Amino acid sequence: MPELPEVETVRRTLTGLIVGKTIQSVRVLLPRIIQRPDDIRRFELELAGHRILDVGRRGKFLRIIMDGLVLVSHLRMEGRYGLYDGGDPLEKHTHVIFHFTDGTELRYKDVRQFGTMHLFLPGEEFSHKPLAKLGLEPLDEAFTEEAFRKAISRRTTKIKPALLNQEYVVGLGNIYVDEALFRAGIHPERPANRLGDAELTRLYEAILDTLTEAVEAGGSSIKSYVNGQGEMGMFQHSLRIYGRQGEPCVNCGQAVEKTVVGGRGTHFCPHCQPPYTEESVVGKGSVQAKPKGRTKAAAQAKGSASARAHTGNGVRG
């Protein structure tokens, strides 16, 4: 936490709160949060005088776009931003303060202290860590079914770790991978390169549907997540599989099980997401293993139009 829907919700909230404001000064209280530049005083001085033009997102990273600079921020486990009046008491675990010329302050708080900030010239951020090797953006025009197939279908790893790998598809974390695999009826340990055409289509659509619904609900407040105005997300009330170990499956009534896949706690329904045998049939462009007690899917979907370049903001047009 937070995953793509939560970071997108923070992006939208911050856009309404800070766009148009000018930074008067910056105060860093925990130097290790700042990863670039390595000189904390330089970080503080370079931001002074810059006006905030937009707030973008790339995967789980925020991009605070200014007139001449871009601040890339990762919230990690517990990071959060909030807008305060300059006279408000400083709360515990406040690590970076952006003082604006109108007397308000953007404060970054992080109980776990895992968050990071990198400062770049505009456009430079995409050529350097932490954004340089990120994969497809699910809420972007470039996330077509064809692009998704190319990114996933040849991977020999299990499908859950493949979806969690930010170099293939960005923004997906434990919660939304479990949810998407359940909607698509795919076992989390299924090798990615054993998915048939119809299964890849279902998974692509499940990822889009899950993330879109989660963004509309403001994300999921499983632990301590709140947006920039201190509001909780509501999608946790719509979760179909994650966190429901031992409860009846919403589709078939069988008890939801939990296991560990790729080192992550994983929820699945043994009936709706059955394990697969090694017996396989040749499908169009892939090898599809037969599920126990089921016949292979009859339909095979074709990929959509070729991918367009992403906007960098992670917003699907």
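Cα-based Rg (one decimal) and Dmax (whole number) for the range 1-68, in Å?
12.9, 33
Pairs to check: LYS133/LYS160; LYS60/LYS160; LYS109/LYS160; LYS60/LYS133; LYS60/LYS92. Give those whose C-alpha atoms are more than 22 Å from each other in this structure.
Too far apart for the 22 Å limit: LYS109/LYS160; LYS60/LYS92.
Which ³J(HN,Hα) values in Hz, rounded to whole numbers, follow from the phi angles of the range 71-81 under the Karplus curve 6.51 cos²θ - 1.76 cosθ + 1.60, where θ = phi - 60° and Gly and Pro get x?
Listing the rounded values in order: 9, 9, 10, 10, 7, 6, 7, 10, x, 7, 10 Hz.
Please say if the range 4-127 is rounded, prolate or oblate, where rounded means a/c under 1.5 for a ≥ b ≥ c the square roots of the C-alpha gyration tensor eigenvalues, and otherwise the choice is prolate for a/b larger than b/c and oblate otherwise?
On the way: a/c = 1.14, a/b = 1.07, b/c = 1.07.
Rounded.
For THR212 and ALA142 in one chain, what is 0.36 nm times their gap in residues minus the Cα-Cα distance, to one decimal in nm?
That works out to 23.6 nm of additional length.
What distance in nm separates the two pseudo spin-label positions at ARG27 and ASP39, each 7 Å out from Cα along the beta-carbon direction?
Once both label points are built, they end up 2.3 nm from each other.
Name the long-range amide H neighbours of ILE186: under 5 Å, sequence gap of 5 or more, or other chain; modelled H, no Pro or chain starts.
Result for ILE186 returns nothing.
Would you mind computing, in nm to one decimal, how far apart the modelled labels at THR259 and GLN245 are, each placed 7 Å from Cα along Cα→Cβ?
1.4
Got a sec to turn the phi values of the range 138-143 into Karplus ³J(HN,Hα) couplings, 6.51 cos²θ - 1.76 cosθ + 1.60 with θ = phi - 60°, whole Hz, x for Gly and Pro?
Once rounded to whole Hz, the list reads x, 9, 10, 4, 6, 7.
Among residues other than PHE268 whose Cβ falls under 14 Å from its Cβ, what is the net charge (Lys/Arg +1, Asp/Glu -1)?
Neighbourhood net charge equals +3.
How high is the FRET efficiency between CYS252 and ALA48 when r is their beta carbon distance and R₀ equals 51 Å, given to the nearest 0.05?
FRET efficiency, CYS252 to ALA48: 0.30.
Readers should treat all values here as calculations from the given coordinates under stated rules, not as data from a laboratory. Keep in mind the model is a prediction, meaning the values are calculated, not measured. For neighbour counting, all protein chains shown are included, and Cβ atoms are generated from backbone atoms with ideal geometry for every residue, glycine included.
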